[in-house]
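Worksheet: one structure, shown below.
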Amino acid sequence: MNVLDEIYGLGIVPVIALDDAKDAEPLAKALCNGGLPCAEVTFRTDAAEESIRIMSQKFPEMLVGAGTVLTTEQVDRAAGAGAKFIVSPGLNPKVVKYCIDRNIPVLPGTSNPSDVEMALELGLEVVKFFPAEAAGGIGMIKAMSAPYTKVRFMPTGGVNAGNLKDYLDFPKIIACGGTWMVKKDLIAAGRFDEIESLTREAVVRMLGFELRHIGINAQGEDEACSIADSFESMFGFTRKTGDSSVFAGTAVEVMKKPYRGRNGHIAVGTNYMDRAIYHLEKQGVKFDMDTAKKDEKGKIKAVYLQDEIGGFAVHLVQK
């Protein structure tokens with residue numbers, strides 16, 4: 001998996017300004033524990049280079065990049081410290097070409113069609129959109145991206161927990177850069193437990209996991225219909241018969257014959273199936289990809305986890 005694929009899977013790139021490199025290790029630990037093993041360390045401070053080195057060495061599983069890179073000299077320093085990607089606030093052709101010649105992924109800042117066309121001329125198809133909210137937000141990205149069908153954006157600047165989903169719902173967004181879980185005052189105060197909590201909350205909000213339905217294994221169609229009828233008569237869950245199962249409302253699915261799971265199955269919905277799979281696999285969760293169902297575009301819309309939980313098979317479904 002290349003760097004841009006990893007950024008897409010993560011969905012959120014924490015943007016960090018560190019004044020003291022001693023904070024790099026506990027901050028990296030908080031991000032990893034919170035479910036975002038990623039950091040864009042900005043070169044706005046003198047501690048940036050050493051912070052990147054510490055994070056890269058202490059947490060090799062992290063995707064560490066350098067932000068606010070303005071010169072080729074900073075590119076060299078960042079890459080030498082272990083940065084795996086470069087981000088800049090604007091599009092400097094000299095810096096972009098320097099990165100491309102050295103096979104370093106670079107996301108230069110853009111805010112208008114002229115910037116995007118310059119990026120395309122340089123051979124890029126993924127760019128930063130900055131400052132996102134001040135430059136028109138998701139509405140501006142949608143309007144601007146229409147002529148550029150292959151370009152994807154990483155909006156940064158004003159993205160927060162409240163508008164994150166608005167951005168990520170647009171398929172041309174590769175990820176969002178954000179600072180709300182790594183605010184400078186929290187870092188300065190050493191409140192890394194709070195940073196870990198905010199990071200975990202950001203991932204949970206992004207993935208949007210929620211229970212969709214419970215599956216019950218019946219021994220035949222008659223029993224399945226009888227069970228569904230019980231839920232309808234007691235709770236008003238309207239029965240709907242399908243080819244392989246009978247639903248009672250949307251909360252209960254009764255299989256016409258025993259299916260996966262000793263006790264049945266549980267369906268969990270998510271906002272973004274591909275990102276959910278990426279994050280769960282990072283936790284060691286395994287999927288049975290032979291069970292994957294795809295839509296007409298080839299994107300997975302449902303897939304079972306390999307292992308049962310409490311005697312129940314579990315599958316993810318795209319909301």
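Readers should treat all values here as calculations from the given coordinates under stated rules, not as data from a laboratory. No experiment lies behind these values; they were computed from the predicted model shown. With ideal geometry, Cβ positions are generated from the backbone for all residues, glycine too; neighbour counts draw on all protein chains shown.
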Around ASP101: net Lys/Arg minus Asp/Glu count, Cβ-Cβ under 13 Å: +2
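For the chain, what does -39500 (n - 2.57) per DSSP helix run (n ≥ 4), summed and divided by total residues, give at 222 nm, in deg cm²/dmol to the nearest 500?
Only helices count here, giving -11000 deg cm²/dmol.
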Mean Cα-pair separation over length for the chain, i.e. relative contact order, pairs under 8 Å, 6 or more apart, %: 14 percent
Inter-label distance, nm, simple model (7 Å from Cα along the C-beta direction), GLN219/LYS94: 8.0 nm
Hydrodynamic radius by Kirkwood, which averages 1/r over all alpha carbon pairs of the stretch 39-139, in angstrom: 13.8 Å
Between the stretch 161-189 and the stretch 254-277, the alpha-carbon center distance in angstrom: 29 Å
At R0 = 22 Å, FRET efficiency that the Cβ-Cβ distance of ASP307 and MET1 yields, to 0.05: 0.45
Separation between Cα centres of the stretch 116-132 and the stretch 202-223, rounded to whole Å: 40 Å
Choice from PHE235, PHE59, PHE192 showing the highest fluctuation, given a GNM over the chain with Cα pairs closer than 10 Å: PHE235
Loop trypsin sites (Lys or Arg not before Pro), the stretch 225-308, which have at most 13 other Cβ atoms in a 10 Å radius of their Cβ (DSSP): ARG262, LYS286, LYS297, LYS299
The chain: Cα Rg divided by the 2.2 N^0.38 Å rule of thumb: 1.16
Inter-label distance for LYS286 and LEU70, nm, one decimal - labels placed 7 Å from Cα along Cα-to-Cβ: 5.1 nm
Rounded if a/c under 1.5, otherwise prolate or oblate - the stretch 255-306, Cα gyration tensor axes: oblate
When each of LYS29/LYS84; LYS142/LYS301; LYS22/LYS282 is checked by Cα-Cα distance, pairs over 21 Å: LYS142/LYS301; LYS22/LYS282
Cα-derived Rg to Rh of the stretch 105-260, Kirkwood definition: 1.23
Most mobile listed residue (CYS225, CYS38, CYS176) in the chain, GNM with C-alpha springs under 10 Å: CYS225
GNM result for the chain, Cα springs below 10 Å: residue of GLY220, GLY158, GLY139 fluctuating most strongly: GLY220
Alpha-carbon gyration tensor eigenvalues x 5, square-rooted, for the stretch 210-318, Å: 26, 14, 13
